Amino acid sequence: MIDISVKDLVKSFEIGDNLLDGLNFEVNEGECVAILGRNGCGKTTLFRILTGEIGYDEGEVFVNPNKKLGLISQIPRYPVGYTVEDVLRSAFAGLLRVKSRMEELEGQMTASAPKEILNEYDRLSNRFAAGGGYDMDVDTDKVCNGLGIPASMREQEFAMLSGGEKTRVNLARLLLEKTEILLLDEPTNHLDLKSVEWLEEYINRFKGTVLTISHDRYFLDQVVDRIVEIHDGHGEEYSGNYSFYIEEKQARFDLQLKQYEQEQAKLKQLGFTLERMKGWGINNRTLYRRAMSIQHRMERIEKTKKPQKERTMSASFGQRDFHGDMVLSVKGMEKSFGERTLFSDVELFVEGGERIALLGDNGAGKTTFIRCLLGEESCLGRIRLGPSVKWGYLPQIMHFSHPERSLYDTMLYEKNLSPQAARDRLGAFMFQGEDVFKPVGALSGGEQSRLRLCMLMDEKINLLILDEPTNHLDIASREWVECAIEEFEGVLLFVSHDRYFVEKFADRIWDLEDGKIKDYKCGYAKYRSILAHEAAAKMAAPKADAPQREKKPRAKGSDKQAEKLVRRLEREIEKQEQLLAELEEKIAAASADYQELTRLLAEKEQEDEKLQELMEQWEQAAEAIE
């Protein structure tokens, strides 16, 4: 059954310039489909059309009218004084009305109550039970725990929350409403790693239909079945997750380029023959007719459009030579706000060349920690930078001294550049034409990040500090930032919830949790493996006082955590086994190619080790449940 269908969709905001120009795709019941494309290509406009918020110029749009649709980017307005708990309970508005009526009827139910009252109560009772009325509190607690909405936040007024907190609460409300078609517009932008992992697991279990816009490549790999990429107003479909999309897109590009080159070679050959035939056929009607035949043949050849690589930004960070071993030394560092201690007893030492990811839940104090390192926040303890260290900082929230200035004037005055140098620098960061005269304050979050990077990259630095550098950036821009960082040889310290980014760059992890920073001198994959082992060992460890005391029942929470870990490991094992099966097929196909066979066998050995490690983790987690 089709839940969403878009046919020949056309939408324009300016005459003669179609944002969506003949877009076609379908989403079947139960599928999770991602919409990809550069910022500004029309993704959010498409969602607004699907929800009926705006109209369209041409085409057909169908959304299953028998199913409830919810959009995560829209945050409804609530009455003044509405708490987070009130917002969450609004998901059960229908059930609460049924419950209220049941309570009214209970007051009227006596020994001589009319049969009509008893029948109505019985009908409402069945409806309340079938709708999950007796599980409202359990479901609410489960979703809130998963999305990191603590009891203290549930008591706060919704209007007083930050934008990220409102997004999380709104997501929780939609999930509690049992929405059957979910439209998720950048759902991971304001979630920490634990919340994103919980959301991934929820979507993988979700029986409804999901259409998502996301630039989180790790998230896309975990949840989506298909990808629709919007380019020049049209849609290109890919039947797989993000990793499949990357390979398939390159394969299609190579095939189209090969077809184009073959056609051009053929046309060139025919053109040469045509010119000779025309010359010879001046006095020979037979040769002239052959020339005309060749010309008609050339006209009938279907021309393949030459594929173009998407234009990317072209710049790199300026670098300063580093002398000495010590980059950063932290001893006895502590920061508190009133009675709340964000972190204490922090002891860290950083040497040249390290790439460090600072991880932790939202609100744990990661940004405050960085601001303390840079002297922008006061704290206790001793913080020392090496004598030759010069740092550059890209904050999470951009502030410009003169937001009324244009991009061009900002580069002229703040970076002291010549007019031509300012235009060249902005052009390298894909600010071209009239865009350079936009006020800085009118830029989107992603554009402000690009401008700040543009200003930062000219500085000669050897310590680069980034706070959520990929937020608000589309995938192409994220990949460009990654290319620039790969060339940077200094020390990198960054905060990020983008697991793809963390996995690519981090060779050391600082985990900020419960006011302490745990230092893991390894990459992200090993860090996740260590956490899984620690969780499994904690659940499997017997209680020291078990022989002396009556055995206590295990907490429901630990059971749920263990079961969740087992399910996640089972999914990873299944994917790993599928990967090994694909490698076996490639090995069989490459039996005559010694070099390729050697490479594939080495890759298979590595993947076998990963599978064995996953199996060991699964056994430990499974024993913890038994």
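The values are calculated or read from the model by the stated rules, or taken from the named source; none is laboratory data. Keep in mind that what you see is a predicted model, and the values were worked out from it rather than measured. Every residue, glycine among them, receives a Cβ derived from its backbone with ideal geometry; neighbour counts consider all protein chains shown. Only protein heavy atoms, including side chains, enter the accessible area calculation; ligands, DNA and RNA are left aside. Shrake-Rupley method; radii C 1.70, N 1.55, O 1.52, S 1.80 Å.
Sorting 574-587, 48-61 by their mean Cβ neighbour count within 10 Å, with the most densely packed peptide first, gives 48-61, 574-587.
The calculated 222 nm mean residue ellipticity attributable to helices in the chain amounts to -15000 deg cm²/dmol, summing -39500 (n - 2.57) over DSSP H runs of n ≥ 4 and dividing by all residues.
Ordering HIS215, HIS402 by accessible surface, largest first, gives HIS402, HIS215; the 1.4 Å probe counts only protein heavy atoms, with every chain in place. Of all aspartates and glutamates in the structure, those lying under 16 Å Cα to Cα from LYS68, and not within fewer than 8 positions of it along the same chain, are ASP3, GLU29, GLU31, GLU53, GLU177, GLU180.
Ordering TRP280, TRP510 by accessible area with a probe of 1.4 Å, largest first, what comes out?
Numbers: TRP280 145, TRP510 0 Å².
Sorted descending by solvent-accessible area, the residues read TRP280, TRP510.
Positive end of the charge dipole of the chain (Lys, Arg +1 and Asp, Glu -1 on Cβ, about the Cα centre): tell me which of LEU20, GLY94, SER449 has its Cα farthest that way. Ranked along the dipole, the leading option is LEU20. DSSP finds beta bridges in the chain, and of those with both partners inside it, around 55 percent are antiparallel.
Database remark: amide H of GLY22 closer than 5 angstrom to the amide H of LEU9, VAL10, LYS11 (H placed geometrically; neighbours at sequence offset of 5 or more, or on other chains; Pro and chain starts carry no H).
Using Cα pairs closer than 8 Å and at least 6 residues apart in sequence, work out the relative contact order for the chain, in percent.
Details: 909 pairs, mean separation 78.1, N = 626.
That works out to 12 percent.
For a straight C-alpha distance cut-off of 13 angstrom, the aspartates and glutamates reachable from LYS306 (same-chain residues fewer than eight places away being disregarded) are ASP254, GLU261, GLU263.
Over region 440-518, what per residue volume does the convex hull of the Cα atoms give, in whole Å³?
Cα convex hull per residue, to the nearest whole number: 120 Å³.
Over the C-alpha trace of the chain, radius of gyration and Dmax come out as 30.0, 117 angstrom. Residues whose amide H falls under 5 Å from that of PHE343, counting only those 5 or more places apart or on a different chain, are LYS335, with hydrogens built in the peptide plane. Taking the DSSP beta bridges with both ends in region 164-251, the antiparallel portion is around 50 percent.
Quick one: Kirkwood hydrodynamic radius for region 396-501, alpha-carbon pairs, angstrom, one decimal? Show your work: numbers first, answer last.
Working: mean 1/r = 0.0692 Å⁻¹.
Across region 396-501, the inverse of the average 1/r is 14.5 Å.
Excluding residues fewer than 8 places away in the same chain, name every one of the aspartates and glutamates whose C-alpha is closer than 16 Å to that of LYS258. Those aspartates and glutamates meeting the cut-off are GLU248, GLU302. Between helix 93-108 and the chain, what is the angle of the helix's C-alpha long axis to the longest principal axis, kept within 0 to 90° and rounded to the nearest 10? With both axes taken from Cα atoms, the answer is about 20 degrees.
Direction-averaged shadow area of the convex hull around the Cα atoms of region 173-226, nm²?
Numbers: hull surface 14.5 nm².
Averaged projected hull area, Cα only: 3.6 nm².
Scalar couplings 3J(HN,Hα) for region 59-65, obtained by applying the Karplus form with A = 6.51, B = -1.76, C = 1.60 to θ = phi - 60°, are x, 10, 10, 10, 10, 3, x Hz; x denotes Gly and Pro. As an equivalent ellipsoid, region 102-233 spans semi-axes of 39, 19, 12 angstrom, where each value is the square root of five times an eigenvalue of the C-alpha gyration tensor, largest first. Between the helical axis of 594-625 and the longest alpha-carbon principal axis of the chain there is an angle of about 10 degrees. Computed from Cα atoms, the angle from the helix 163-176 axis to the main principal axis of the chain rounds to 70 degrees. So for region 2-52, Kirkwood radius off the Cα pairs, Stokes-Einstein at 10 °C and 1.306 mPa s: how many µm² s⁻¹? Translational D for this selection: 133 µm²/s. Each residue of region 206-219 was assigned a 3J(HN,Hα) from its phi angle through the Karplus curve 6.51 cos²θ - 1.76 cosθ + 1.60 (θ = phi - 60°); the sequence is 5, 8, x, 10, 10, 10, 10, 9, 7, 10, 8, 5, 5, 4 Hz, with glycine and proline shown as x.
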